[in-house]
Amino acid sequence: MAISAVYGYGIWQWRRSVESLRAGKLANVPDQLRLFLTLWPDNPEVHRLAARVARMSGDFPLAEERLNTCLRLENGATEPTQIEFLLMRAQSGELDQVAQ
């Protein structure tokens, strides 16, 4: 019973975090990410969200680390992971190279 309650709480927090990101509000998302990474450490979508938050916060090394975890978990680059890598490159100053 307790495990399902924690899991349900995690799902609820996941939805709130995604909504917060869509609204451009990063304030509580990093704290929530710790919960998600604990509940679902092998979920590439969780690592991709963590990478997005790190990128949006300007922490490119952490974003790259999370994206590399996605590569490992997905056995290669999926389209969503490639897009995050491209967004990180563009945001870090490689806009001309990425634009093509």
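Before anything else, pin down the relative contact order of the chain: Cα pairs under 8 Å, at least 6 apart, normalised by residue count, whole percent. Don't jump to the answer; show the numbers that get you there.
Working: 77 pairs, mean separation 17.9, N = 100.
18 percent.
Among 50-57, 37-44, 67-74, 90-97, how do they line up by average Cβ neighbours within 10 Å per residue, starting with the highest? The partial results should precede the final answer.
Values: 50-57: 21.0, 37-44: 14.1, 67-74: 17.8, 90-97: 11.6.
Result, highest mean Cβ count within 10 Å first: 50-57, 67-74, 37-44, 90-97.
Which one of R48, R34, R66 has the biggest mean-square fluctuation once the chain is modelled by GNM with Cα springs under 10 Å?
R34
Provide the per residue accessible area, probe 1.4 Å, for the chain, rounded to a whole number of square angstrom.
Numbers: 6410 Å² over 100 residues.
Heavy-atom accessible area per residue stands at 64 Å².
Can you pull the Rg over Rh of the chain, Cα-only, Kirkwood? Before the final figure, lay out the partial values.
Details: Rg = 14.3 Å, Rh = 14.1 Å.
Rounded to two decimals, Rg/Rh equals 1.01.
State the percentage of accessible surface on segment 55-96 attributable to carbon and sulfur atoms; use a 1.4 Å probe and exclude ligands, DNA and RNA.
Numbers: 1340 of 2610 Å².
The computed percentage sits at 51.
The values are calculated or read from the model by the stated rules, or taken from the named source; none is laboratory data. Keep in mind that what you see is a predicted model, and the values were worked out from it rather than measured. We place every Cβ from the backbone using ideal geometry, glycine too, and count neighbours over all the protein chains shown. Just the protein is used for accessible areas: all its heavy atoms, side chains included, with ligands, DNA and RNA removed. Shrake-Rupley method; radii C 1.70, N 1.55, O 1.52, S 1.80 Å.
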